Amino acid sequence: MNPVTSGPYIVDRFNPNEELVLKQRDQLWIRHHAQYRGIFPVKNWIYKIIPDSRLAYEHWRQGKLDFISLSPDLVPLVLKDKISDSRIVKASTPGVSWSGFVYQLQHPVLKSSHVRQAIAHCVPLDQMVENAYHGLASASVGPFSGGVSATAPSVRAGRYRWSIELARAELEKAGCTSEGLSWSCPGGKTEFTITVSSQSETAKSLALQAQESLKKCGIVIQIQLVDSAQYFERLHAKQFEMAFLLWSIGLAYHDPVQHWATESIQKGSNFGGYSNPDVDRILLDMTKAPDLESRQKLLGKLSQLIYRDQPYLFIADRTQLWFGINPPFRLSVPLRKYSLHPSLDSLTIVRDQLKKSP
């Protein structure tokens, strides 16, 4: 494993399922820039690969790890164990990641947008997000909803609200007829399987809540737990009906093509097979946008189209990140000083660089 990089660190060694070790580059070009001087003092980073978040938490709590990103399912443990505030760093981070259940749009029933819209009406998102994310996320209205400027106001105003009556109306538009516990639609019954990674407590919580809520609408859900390796194999092979995914958006100039373009069905992250000619046209226009403001307007239009089509059951936008640190490490250097992501302007506490305390 010898990836080509231009950053401050290179791969020293990589042991799958165990650890990744990075060492500082000997000749680091960025050292010649005064504004970056001294911000990369750590010589080596050792990333321990621990798929089980609770086991990773125990290692950190016992002082075996210097730093950990705390997933939402660990928040109750942090509170229960009364972890000192000095060991927890909280960051306000709207717009940096979102999650949801992706649909396999080749499915004979799920290919109907009315069926997907019915599902959106059947889940109490605010309650689900609170139960699964413990205050670290808000209900989503699309893949760009965390960054307010990127989401058209009409999308928020037209949010799919929890309503069994509206769900029934959408199912009827799809040509479905009620059969008591489920619906019979062109292509089959409203009986689907949600595939989630067995290592994700958050995904399991959301799947269980969706299962319970959708049952009230006559939509039957089975939950399939698979290990991480098998999970990603199924995604790439498109061997799923619904599956939980979490995406980080990245920089202000992140490229939505990999998720939403028709061309990305085969060679991108468009795992559900979403295709909309209007979306493809906007994506092309975005590559020609003369400035950020023009691009943001196009992103708003894109958000409207995607949210209307519901290729995902959009669940949550992360609004806060928690990190755990152990002495003698501390966090310093404001992240916003080096970030190009506009939503990070509201960052409150988080820092991007670990340093040894004097």
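At a glance:
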{"item": "Segment 42-63: number of residues that are among the small types (Gly, Ala, Ser), farther than 14 Å from Glu19 by Cβ and surrounded by 13 or more Cβ atoms within 10 Å (Cβ to Cβ)", "result": "1"}
{"item": "Single residue of segment 210-239 satisfying the filter (farther than 30 Å from Ala169 by Cα and not in a helix (DSSP H, G or I)) that is modelled with the lowest pLDDT", "result": "Asp227"}
{"item": "Within segment 36-110, strands (runs of 3 or more DSSP E) holding 1 or more residues that are under 21 Å from Asn131 (Cβ atoms)", "result": "67-70, 88-92, 97-103"}
{"item": "Which numbered condition Gly273 fails, given (1) in contact with a helix residue (DSSP H, G or I) (Cβ under 6 Å, 6 or more places away or on another chain); (2) under 20 Å from Val141 (Cβ atoms)", "result": "(2)"}
{"item": "Hits in segment 162-205 - residues which are closer than 28 Å to Val75 by Cα and in a loop (DSSP other than H, G, I, E, B)", "result": "Trp162, Ser198, Gln199, Ser200"}
{"item": "Flag if Leu65 is among the aliphatic types (A, V, I, L, M), within 20 Å of Tyr47 (Cβ to Cβ) and under 15 Å from the mean Cα position of the chain (by Cα)", "result": "no"}
{"item": "Some residue of segment 241-263 being closer than 30 Å to Ser71 by Cα, in contact with a helix residue (DSSP H, G or I) (Cβ under 6 Å, 6 or more places away or on another chain) and not hydrophobic (A, V, I, L, M, F, W, C)", "result": "yes"}
{"item": "Condition met for Leu206 (modelled with pLDDT of 90 or more, under 18 Å from Tyr103 (Cα atoms) and within 25 Å of the chain's Cα centre (by Cα))", "result": "yes"}
{"item": "Test: residue in segment 289-298 that is without any contact (Cβ under 8 Å) to a residue 24 or more places away in the chain, touching an Asp or Glu at 6+ places or on another chain (Cβ under 8 Å) and not acidic (Asp, Glu)", "result": "yes"}
{"item": "Pairs, first over 16 Å from Phe314 (Cα atoms) and modelled with pLDDT of 65 or more in segment 148-175, second of a type in the set (Gly, Ala, Ser) and not in a helix (DSSP H, G or I), C-beta under 6 Å, six or more apart", "result": "Ala174/Ser112"}
{"item": "The lone exception for His259 - which of (1) farther than 29 Å from Lys204 by Cα; (2) buried (at least 17 other Cβ atoms within 10 Å of the Cβ) it fails", "result": "(1)"}
{"item": "The lone exception for Val115 - which of (1) aliphatic (A, V, I, L, M); (2) within 21 Å of the chain's Cα centre (by Cα); (3) at pLDDT 95 or above it fails", "result": "(2)"}
{"item": "Top-ranked residue in segment 85-131 [being touching a Leu at 6+ places or on another chain (Cβ under 7 Å) and of a type in the set (Ser, Thr, Tyr); ranked as surrounded by the most Cβ atoms within 10 Å (Cβ to Cβ)]", "result": "Tyr103"}
{"item": "2 or more residues modelled with pLDDT of 90 or more and touching a Phe, Trp or Tyr at 6+ places or on another chain (Cβ under 7 Å): qualifying strands (runs of 3 or more DSSP E) within segment 240-358", "result": "242-248, 312-318"}
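The values are calculated or read from the model by the stated rules, or taken from the named source; none is laboratory data. Only a predicted model underlies this, so the values are computations on that prediction, with no experimental measurement involved. Glycine gets a Cβ as well: all are built from the backbone with ideal geometry, and neighbour counts include every protein chain shown.
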